[in-house]
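The values are calculated or read from the model by the stated rules, or taken from the named source; none is laboratory data. Just so you know, these numbers come straight off a predicted model, no measurement behind them. Glycine also receives a Cβ, built like all others from the backbone with ideal geometry; neighbour counts cover every protein chain displayed. Side chains included, ligands, DNA and RNA excluded: accessible areas come from the protein's heavy atoms. Shrake-Rupley method; radii C 1.70, N 1.55, O 1.52, S 1.80 Å.
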Amino acid sequence: MPSTLPDDAEDKNLDPILAKPHALLPFLQLQSATALSRLYQSPSSCLSIFRLLDAVERQLVMNLLWLDSAIALSTMVAWVIQDKKKVYDDALDMLSKLHILHINLGKLSLKANFKTSLRHAITGGGTTGSFGVPAEKDDKRPPMDIEGLDGYSLERWETILHFMVSSGTGQNPTRPSQGVLYLLQRSGLMSNQQGSLPQITSAGFQFLLHPPHAQLWDLLLQYLHMAEERQMDLVEVLTFFFMLSTMELGREYLTENLSQTQKAMLDDLRDYGLIWQRKASSRRFSPTRLATTLTSSSPLLPTSAGTASTSQQGFIVLETNYRVYAYTDNPLQTAVLNLFVSLKYRFPNLVVGSITRDSVRRALNNGISADQIISYLITHAHPQMRKFNPLLPVTVQDQIRLWELEKERLKSQEGYLYTAFASQADYELVLNYAKQLDIVLWENNSKRCFFGTLEGHSNIRNFIERRTSGVD
């Protein structure tokens, strides 16, 4: 009998990025068995989760899906080659934590509700409306075509990203909805201190380095965390996300079969660019490509005309003299560069600038690290740059890091200075006690003084008072 491990299982061990599970799976593992049992009653949810699993986990599920009885673990292990045993064990562990697998008395089977729903999803059985209820065609009001939906989702999504990168630069970009702004701040991608305008954080800049699907799931995961405090049914929220991911792009669906929670989500999902409605009160909606590819490996978010190739292949050329040439006319990419590059010239398809001490310090003051700047330059390097090894000039990389060290060479910390000890013995006694508590920041034995942390002051003071009382 052939091994259950597909060929790409080897790639999973070789590449740590591939081995990392989808961002949603750890969140699902934290949910109760009751919540997951409710979720698995929906065929679209089971199919979507199946898509998120890695190759080994999917094959295990398919091997068990059409079995009417449980299979012995010893039989399953016999299918696995020895040097891939850990991959197999990790797959079993993941499926067990998701409450997809049931292991009892040395036998293995799929949970009944997951098996039934996934069978319905594959064979087309059931009439639950789990995949949405398509609306009948209305010749008077035709739905928006795919090209229009792509343009709409791109405009909504880039509005969010452009607002993030333009914050604190003096520009006045289009402001997203209040719900989107709250989500960005709640997720730590932007900060709003002392009533000032929201500004991008270090986490926000790292967020910009992620591909669009990862960015979207970062926000949706935070949305899921907020569901409970908004008194929303988490299972219904998840079910709606999974329903959207299995819908057909360019088709309209009815809102009548949606729950109250799911209808309330429509306003939020319009702001993110996941759905389109003719008006807020419309009884129809169309999912965009952002929604229909939530759980698939289909092409990423559509890009503006003329920027698709540059965004995928890279568009930045960096010279040893710190000069930057960016072959792009995308306003969002230009705005990201403006965070750490001093821009000099702009042409129809080219932006020219320089990485300077002031531009890097400005980025550092906004919470962007040197490693993040270098990572962005590597990620978006022009194909011509990729012919060199190392990809970026070493002198430029080292200088960016030196500018960061220059900013961090002095650090302030509050505490107390202890001095004027009566004798060397008293000084050493108190100093050794403070060292045992690991609260000494600086010491000078010749002058009989040391500096301790703010938190440890009460302990040192009490120790000195006890010693003084004992002497007296």
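Miscellaneous remarks
- Condition met for TRP79 (open to solvent by 60 Å² or more (accessible area, probe 1.4 Å), assigned by TED's automatic domain parsing to the domain that holds SER45 and aromatic (Phe, Trp, Tyr)): no
- Among the candidates LYS107, LYS140, residue that is under 25 Å from SER74 (Cα atoms), free of Cβ contacts under 8 Å to residues at least 60 places away in the same chain and over 33 Å from the mean Cα position of the chain (by Cα): LYS107
- Filter pass, GLY129 being modelled with pLDDT under 90 and surrounded by 13 or more Cβ atoms within 10 Å (Cβ to Cβ): yes
- Matching residues, the range 160-191, being in a helix (DSSP H, G or I), of a type in the set (Ser, Thr, Tyr) and buried (at least 20 other Cβ atoms within 10 Å of the Cβ): SER166
Residues checked against (1) of a type outside the set (Val, Ile, Thr); (2) within 29 Å of HIS225 (Cβ to Cβ):
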site: CYS46; (1), (2): yes, yes
site: LEU65; (1), (2): yes, no
site: THR75; (1), (2): no, no
site: LEU95; (1), (2): yes, yes
site: ASN104; (1), (2): yes, no
site: THR123; (1), (2): no, no
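Here's the yes/no breakdown for (1) open to solvent by less than 50 Å² (accessible area, probe 1.4 Å); (2) polar (S, T, N, Q); (3) farther than 24 Å from ASN257 by Cα; (4) out of contact with any Gly (no Cβ under 7 Å at 6 or more places or on another chain):
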| position | (1), (2), (3), (4) |
| --- | --- |
| ASP54 | yes, no, yes, yes |
| ASP89 | no, no, yes, yes |
| SER96 | yes, yes, yes, yes |
| THR123 | no, yes, no, yes |
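- For the range 362-374, the criterion of being of a type in the set (Ser, Thr, Tyr) and at pLDDT below 90 is met by at least one residue.
- Once the range 409-431 is narrowed to residues that are surrounded by 10 or more Cβ atoms within 10 Å (Cβ to Cβ) and part of a helix (DSSP H, G or I), the residue that is nearest to the chain's Cα centre (by Cα) is LEU431.
- For the range 432-448, taking the residues that are in a loop (DSSP other than H, G, I, E, B) and of a type in the set (S, T, N, Q), the one that is least open to solvent (accessible area, probe 1.4 Å) is identified as ASN445.
- Residue within the range 449-467 that is assigned to a loop (DSSP other than H, G, I, E, B), touching a helix residue (DSSP H, G or I) at 6+ places or on another chain (Cβ under 8 Å) and either open to solvent by less than 70 Å² (accessible area, probe 1.4 Å) or hydroxyl-bearing (Ser, Thr, Tyr) (or both) present: yes
- Tallying residues that are out of contact with any Phe, Trp or Tyr (no Cβ under 9 Å at 6 or more places or on another chain), part of a loop (DSSP other than H, G, I, E, B) and within 14 Å of GLN399 (Cβ to Cβ) within the range 342-387 yields 0.
- Residue list for the range 110-137, filter: without any contact (Cβ under 8 Å) to a residue 40 or more places away in the chain and among the hydroxyl-bearing types (Ser, Thr, Tyr): THR116, THR123, THR127
- Residues considered: SER96, SER44, SER69, SER48. Of these, the only one that is more than 26 Å from the chain's Cα centre (by Cα) and hydroxyl-bearing (Ser, Thr, Tyr) is SER69.
- Test result for LEU244, open to solvent by 30 Å² or more (accessible area, probe 1.4 Å), in contact with a Pro (Cβ under 9 Å, 6 or more places away or on another chain) and under 22 Å from SER281 (Cα atoms): no
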